[in-house]
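The values are calculated or read from the model by the stated rules, or taken from the named source; none is laboratory data. The structure presented is a predicted model; accordingly, all values stated were derived computationally and were not measured. As a convention, Cβ positions derive from the backbone with ideal geometry for all residues, glycine included, and neighbour counts pool all protein chains shown. Heads up: the accessible areas ignore ligands, DNA and RNA and are worked out on the full protein's heavy atoms, side chains in. Shrake-Rupley method; radii C 1.70, N 1.55, O 1.52, S 1.80 Å.
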Amino acid sequence: MTRLLLLLVVAAPMATPLQCAFAQGRVFPSDKLPPASIELTSEPPATTTPWQLPKSGDPLYDARKEAEIKNNKQSHLMHVFERGVFKGYATVTSAPLPERPAKEMYSAFTANPKLPPDAVELSSSEHAKKSDFFQMRPKTRPANVPSDAILVRVFQGKKFIGWGYLPKDGVAALHKPK
């Protein structure tokens with residue numbers, strides 16, 4: 001069985017919180033929040049009845065904004081709470097995800113010309129950890145991936161492990177018939 005050692009570049013897991021222009025920072029999700037609402041802090045509520053929606057007559061109530069939230073499911077308008085107290089309304093958008101840095105790995109691959117050109121087989125002697133690979137196809141190439149690397153699906157046997165970048169010449173060598 002022919003084996004080839006190639007440099008594999010894959011994702012390092014990264015969590016990115018939702019960014020909010022109104023809050024100029026993070027928002028904190030909670031199952032306790034009413035629909036179309038965000039909380040600006042992870043601190044405990046400042047009231048015994050937190051996350052109460054505004055009602056007509058409340059100083060911060062805005063009937064037009066309430067109607068938009070209720071009737072337009074595509075709206076990005078949200079109720080904003082801080083420590084459980086209603087603070088107003090805000091349009092929330094998420095910032096684009098930052099490019100995830102790729103992890104450099106040196107892994108052995110098994111030649112398998114039966115695989116499609118965008119797939120490679122990780123050697124059975126390698127310990128495959130899904131956390132070492134992109135679990136979803138990356139939309140953009142990480143800045144630290146060499147320009148000659150191509151995105152491939154990585155399998156071990158018939159099991160899909162994830163996505164990674166390999167040198168184009170190395171992928172071609174793995175697909176040559178014996």
Given backbone amide H placed at 1.01 Å from N, residues whose amide H is under 5 Å from that of I161, ignoring those fewer than 5 places away on the same chain, are V154, F155, Q156
What percentage of the solvent-accessible surface of segment 29-178, computed with a 1.4 Å probe over protein heavy atoms, is contributed by carbon and sulfur atoms?
-> 54
How many percent of all Cα-Cα pairs in segment 31-76 sit more than 16 Å apart?
-> 49
Cα convex hull of segment 88-178: mean projected area in nm², to one decimal?
-> 7.9
Packing-based ranking, highest mean first, of 55-64, 131-140 given that Cβ atoms within 10 Å are counted = 131-140, 55-64
Mean Cβ neighbour count within 10 Å, used as a protection proxy, ranking 70-78, 153-161 highest first | 153-161, 70-78
